[in-house]
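Comments concern the structure below.
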């Protein structure tokens, strides 16, 4: 499980390495504007299956998706004028929005749900990555059952160290600013509903 230090100076090289890895169906621990996340190519079923093994998930719980812009969000979900207005206010940022999905991505990402959780993170590394790779990426927290999502790099490394299935690469940006996972807001009903604060 190689660990790559992330700094301002090597950002370009890191992005190139990560893009290459993601195209090879690899799963990567990546810092975000909230907690450390597990990113993989959301359009690739094999990569998603691998991610579910690492997270010890059976595919019942939906996986949120990072997108680079509103245009990509519209390709993956149904967005009306009102929803678009709201998205322009909260993105990029720590808000995951639940929308009615279009059938563009592997079903394994969604469990039995007909919805999709989308977010544009406010974090340069992730934004640059999304632009460069030009594909939606998984945006789920880097943790396994029984362990909480975290901003602490040592906890991340320790958590995956002795696991049978491990991430292919860990991007170490040090400890992130204290934060909880993103707020989740359901926009599929006429009344907005906060599913997670």
Given (i) 15.7, 48; (ii) 22.3, 74; (iii) 17.5, 53 as candidate values of Rg and Dmax of the Cα atoms in Å, which corresponds to the one derived from the coordinates? (i)
Using mean Cβ contacts within 10 Å as the protection proxy, how do 7-15, 36-44, 83-91 order, highest first? 36-44, 83-91, 7-15
Hey, what did the chain get for relative contact order, percent, Cα under 8 Å, at least 6 apart? 34 percent
What do you get for the angle between helix 81-90 and the principal long axis of the chain? Use alpha-carbon atoms, 0 to 90 degrees, nearest ten. 30 degrees
Determine the percent antiparallel among the DSSP beta bridges restricted to the stretch 3-196, to the nearest 5. 60 percent
For the stretch 126-197 and the stretch 69-124, write down the distance between their C-alpha centroids in whole Å. 16 Å
Cα long-axis angle, helix 124-133 against the chain (0 to 90 degrees, to the nearest 10): 80 degrees
Once you order the gyration tensor axes a ≥ b ≥ c over the Cα atoms, which shape class does the stretch 65-128 get: rounded for a/c under 1.5, otherwise prolate or oblate by comparing a/b with b/c? oblate
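Read-outs: derived from the displayed coordinates by stated rules, not from any lab. None of the values given here were measured: they were computed from a predicted structure. Cβ atoms come from the backbone with ideal geometry, glycine included; neighbour counts cover every protein chain shown.
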